[in-house]
1. If a residue counts only when it is among the aromatic types (F, W, Y), more than 16 Å from the chain's Cα centre (by Cα) and at pLDDT 85 or above, which helices (runs of 4 or more DSSP H) contained entirely in region 96-199 have at least 1 such residues?
2. In this structure, is I114 in contact with a strand residue (DSSP E or B) (Cβ under 9 Å, 6 or more places away or on another chain), in contact (Cβ under 8 Å) with a residue 24 or more places away in the chain, surrounded by fewer than 17 Cβ atoms within 10 Å (Cβ to Cβ) and more than 21 Å from I63 (Cβ to Cβ)?
3. What number goes with the only condition from (1) under 30 Å from E156 (Cβ atoms); (2) surrounded by 15 or more Cβ atoms within 10 Å (Cβ to Cβ); (3) modelled with pLDDT under 90; (4) not aliphatic (A, V, I, L, M) that S33 does not pass?
4. Is there a residue being assigned to a loop (DSSP other than H, G, I, E, B), among the polar types (S, T, N, Q) and at pLDDT 75 or above anywhere in region 3-22?
5. Of all residues being free of Cβ contacts under 8 Å to residues at least 24 places away in the same chain and not polar (S, T, N, Q) in region 43-63, which is farthest from Y140 (Cα to Cα)? Just the residue, please.
6. What do you reckon, is Q70 of a type outside the set (V, I, T), modelled with pLDDT under 90 and in contact with a helix residue (DSSP H, G or I) (Cβ under 9 Å, 6 or more places away or on another chain)?
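The values are calculated or read from the model by the stated rules, or taken from the named source; none is laboratory data. Nothing here was measured: the structure is a model prediction, and the numbers come from that model. Cβ sites come from the backbone with ideal geometry, for glycine too, and all protein chains shown count toward neighbours.
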Amino acid sequence: MPKNTNTLFCFRCYHLWKKRKVKNPKTCPKCNSPYWHSPRKRISKGIIFNMKEMIIEIHNKIIEIGGGLQGIRDEGGIYNSTYKLLNHQYKNQRNPTKIGAFALNEFAKRHYFIDGNKRTAYAISKIFMLINKCHLVIEYQEATDFMLEIAKYEGEITYEEIKKWLDENCKIIEEKKVKNYLNQTFVNITLLEKKENGE
């Protein structure tokens, strides 16, 4: 698994950047918050917008490296789902697989992008669970069949079934390991090689 210890993530504005010095910065370079390493409890329009842009950026990188067609079908839908996901995270911080299940169910089924919806949904789910100290140990290549079932038109997989699957494939991690797993996740997102079909 590729490792990258130079990627930092702001839990306040969801900005992602590369570390240039040995020590971690005192503030986020985008929002200037000294609490960039601690999750935010209140949700503003700015936070929703920043998270939406991050999701689009993740999707674009997945397509750029892994293949597929660039493009957004419904940017307003992405914003709406991002708002709902952030609220869901706030209400379920003690149950991270609920957050992950919501992300998979919301983004894999709604097809906001022309291509790469399942890969993007997987990445969002994994990131949000990591923020809440839960690591999805199964890699995307192993999860492809399940992701296809989630994304099927009029598919029968329910939110509860997705959560059960996550419960079986996740582990709780210590807070000090969150950053390392996030770094690995962002690297792996850019290295996804399996192109999706039928989107």
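1. Details: elements: 96-110, 117-131, 140-151, 159-169, 175-190.
Ranges flagged: 140-151, 159-169.
2. Working: in contact with a strand residue (DSSP E or B) (Cβ under 9 Å, 6 or more places away or on another chain): yes; in contact (Cβ under 8 Å) with a residue 24 or more places away in the chain: yes; surrounded by fewer than 17 Cβ atoms within 10 Å (Cβ to Cβ): yes; more than 21 Å from I63 (Cβ to Cβ): no.
The answer is no for I114.
3. (1)
4. First, pick out the residues of region 3-22 that are assigned to a loop (DSSP other than H, G, I, E, B): 3-6, 10-15, 19-22.
Applying the additional criterion that residues be among the polar types (S, T, N, Q) yields 4-6.
Those left that are additionally at pLDDT 75 or above: none.
Looking for residues that are assigned to a loop (DSSP other than H, G, I, E, B), among the polar types (S, T, N, Q) and at pLDDT 75 or above, one finds none in region 3-22, hence no.
5. Of the residues in region 43-63, the ones free of Cβ contacts under 8 Å to residues at least 24 places away in the same chain are 44-45, 53, 56, 60.
Filter once more, keeping what is not polar (S, T, N, Q): 45, 53, 56.
Numbers: K45: 31, E53: 22, I56: 19 Å.
Restricting to residues being free of Cβ contacts under 8 Å to residues at least 24 places away in the same chain and not polar (S, T, N, Q), the top hit is K45.
6. Working: of a type outside the set (V, I, T): yes; modelled with pLDDT under 90: no; in contact with a helix residue (DSSP H, G or I) (Cβ under 9 Å, 6 or more places away or on another chain): yes.
So Q70 does not fit the description; no.
Rundown of residues vs (1) surrounded by 12 or more Cβ atoms within 10 Å (Cβ to Cβ); (2) of a type in the set (K, R); (3) in contact (Cβ under 8 Å) with a residue 24 or more places away in the chain, yes/no style:
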{"site": "M147", "(1), (2), (3)": "yes, no, yes"}
{"site": "Y153", "(1), (2), (3)": "no, no, no"}
{"site": "I157", "(1), (2), (3)": "yes, no, no"}
{"site": "K163", "(1), (2), (3)": "yes, yes, yes"}
{"site": "D167", "(1), (2), (3)": "yes, no, yes"}
{"site": "I173", "(1), (2), (3)": "yes, no, yes"}
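Condition check ((1) within 15 Å of the chain's Cα centre (by Cα); (2) of a type in the set (K, R); (3) within 26 Å of Q93 (Cα to Cα)) across all residues:
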site: H37; (1), (2), (3): no, no, yes
site: N50; (1), (2), (3): yes, no, yes
site: Q70; (1), (2), (3): no, no, no
site: N80; (1), (2), (3): no, no, yes
